[in-house]
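The values are calculated or read from the model by the stated rules, or taken from the named source; none is laboratory data. It should be emphasised that the depicted structure is a prediction, and the values quoted were computed from it without experimental measurement. With ideal geometry, Cβ positions are generated from the backbone for all residues, glycine too; neighbour counts draw on all protein chains shown.
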Amino acid sequence: MTNRSENSSGVTAIIVTHNSPPILSRVVQALLKQTTPPDRIVIVDSGSRDTSTVTALRSLSEKILVHCCQNIGFAAANNLAMDMFLVNTEYFLLVNPDAVLELDWIAGAHAYCQSADGQNAGIVSSPLRGMDVTTQTPTDKWDSLGIYRRGSGRWYDHGQRHPIADLRTPTSPYEPKAICGALMFVPRSVYQTVLDKHGFFDNRLRTYKEDIDVSLRVARAGYRLVMLPHLTVHHCRGWPKRRADVPYWARKLAARNDVLLAAKHFPLMIPVYIAKLLYVLTIERPLCALQQRGQLRDRMYEK
């Protein structure tokens, strides 16, 4: 157990950002106002074009530490911060730069992990409610009630874009197949147990499916993945609603990561994911190129 003062929570909050959204300041302020605030808030800027907005956040509190680096990806940036502050931390709170926590969130997650029911919790989170990134106001829809896997091998966020009022949710802690990387509360002991040569998050996955991989590894190590429905957080998901609007580089990286994920956890599914990757490389690539040319042509006509 880490030695700490009575006024210390033992929590290190980590935010990884790349070209940070305007809501980042609100995310940080929500952390500072927690009833059980973190000991420090570490913001890792991974290759933003302009870091002035991020570095300016230091003025909000001496607890805010900013580290700017080249674009190393979400997985490696989180690994970097966790490794830097391992000695002084009991719990890592991993928060996306567009996830706003209600003010009792850390207190609730901490209390659960300290309870008898939470002793074997490996990753703790809570249902993510939607928020409009432009207006910064809550929507009436769920963002994620946990990640699950269909028989076809496709991973999905349960409840995403489903009206909150129409979808009944558990009233007590429950365990999904994986937890969205937008919000993870991780005990230091779990980090140390699951850490391998590729990091806590697998650096090779870079940005997509890294949360699913680490969830599966944490569960394989004998820990539980727990969602606490009594705690509230709002998340502004930046992923386009239509696949046609997803850029080609993102489709390619996600498909490649599916193959690596299958190789690590579901070897019998490797042919399925290889077929998907080949489809992205051979069919979607030229289609995306044609779409991009059409968009450029439309802009020229608009001028």
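Looking only at residues that are buried (at least 17 other Cβ atoms within 10 Å of the Cβ) and among the polar types (S, T, N, Q) in the range 56-101, which one is nearest to the chain's Cα centre (by Cα)? For the range 56-101, the residue satisfying everything is ASN96.
The residue list ALA178, ALA244, ALA219 contains one member that is among the hydrophobic types (A, V, I, L, M, F, W, C) and modelled with pLDDT under 95, which is ALA244.
Is it the case, given these coordinates, that TRP155 is surrounded by 15 or more Cβ atoms within 10 Å (Cβ to Cβ), under 21 Å from ASP213 (Cα atoms) and either out of contact with any helix residue (DSSP H, G or I) (no Cβ under 7 Å at 6 or more places or on another chain) or among the aromatic types (Phe, Trp, Tyr) (or both)? Walk me through it before giving the result.
Values: surrounded by 15 or more Cβ atoms within 10 Å (Cβ to Cβ): yes; under 21 Å from ASP213 (Cα atoms): yes; either out of contact with any helix residue (DSSP H, G or I) (no Cβ under 7 Å at 6 or more places or on another chain) or among the aromatic types (Phe, Trp, Tyr) (or both): yes.
The answer is yes for TRP155.
Of all residue pairs spaced 6 or more apart or on separate chains, those with beta-carbon atoms under 6 Å, a first member in the range 190-211 that is more than 12 Å from ASP83 (Cα to Cα) and a second member that is crowded, with 22+ Cβ neighbours inside 10 Å and among the polar types (S, T, N, Q) are LEU205/ASN257; TYR208/ASN257; LYS209/ASN257. Residues in the range 16-37 that are part of a loop (DSSP other than H, G, I, E, B) and either among the charged types (D, E, K, R) or in contact with a helix residue (DSSP H, G or I) (Cβ under 6 Å, 6 or more places away or on another chain) (or both): SER20, LYS33, GLN34, THR35, THR36.
For the range 161-188, the set of residues classified as loosely packed, with under 14 Cβ neighbours inside 10 Å and within 20 Å of the chain's Cα centre (by Cα) consists of ARG161, GLU175, listed by residue number. One residue is enough: does the range 123-138 have a residue meeting the conditions surrounded by 15 or more Cβ atoms within 10 Å (Cβ to Cβ) and more than 19 Å from the chain's Cα centre (by Cα)? No, the conditions are met nowhere in the range 123-138. The lone criterion from (1) of a type outside the set (D, E, K, R); (2) assigned to a strand (DSSP E or B); (3) surrounded by fewer than 16 Cβ atoms within 10 Å (Cβ to Cβ) left unmet by TRP142 is number (3).
Quick check: anything in the range 166-176 in a strand (DSSP E or B) and touching a Lys or Arg at 6+ places or on another chain (Cβ under 8 Å)? The answer is no, given that none of the residues of the range 166-176 is in a strand (DSSP E or B) and touching a Lys or Arg at 6+ places or on another chain (Cβ under 8 Å).
Is it the case that TRP142 is closer than 20 Å to VAL27 by Cα and touching a Lys or Arg at 6+ places or on another chain (Cβ under 7 Å)?
Values: closer than 20 Å to VAL27 by Cα: yes; touching a Lys or Arg at 6+ places or on another chain (Cβ under 7 Å): yes.
Judged against the criteria, TRP142 is a match.
Taking the range 51-78 on its own, how many of its residues are of a type in the set (D, E, K, R) and without any contact (Cβ under 8 Å) to a residue 12 or more places away in the chain?
Quick first cut of the range 51-78, residues of a type in the set (D, E, K, R) only: 58, 62-63.
Remaining after also requiring without any contact (Cβ under 8 Å) to a residue 12 or more places away in the chain: 58, 62.
Residues meeting the conditions: 2.
ARG206 meets each of the listed conditions (1) crowded, with 18+ Cβ neighbours inside 10 Å; (2) on the phi > 0 side of the Ramachandran plot; (3) modelled with pLDDT of 95 or more apart from (3). Listed conditions (1) surrounded by 15 or more Cβ atoms within 10 Å (Cβ to Cβ); (2) of a type in the set (Val, Ile, Thr); (3) over 20 Å from the mean Cα position of the chain (by Cα); (4) assigned to a loop (DSSP other than H, G, I, E, B) are all met by THR53, apart from (4).
Residues of the range 7-19 that are surrounded by 23 or more Cβ atoms within 10 Å (Cβ to Cβ) and farther than 10 Å from LEU93 by Cβ: VAL16, THR17.
Taking every residue in the range 1-19 that is modelled with pLDDT under 60 and pairing it with any residue that is surrounded by fewer than 23 Cβ atoms within 10 Å (Cβ to Cβ) and among the charged types (D, E, K, R), at least 6 positions away or on another chain, the pairs with Cβ-Cβ distances below 6 Å are THR2/GLU90.
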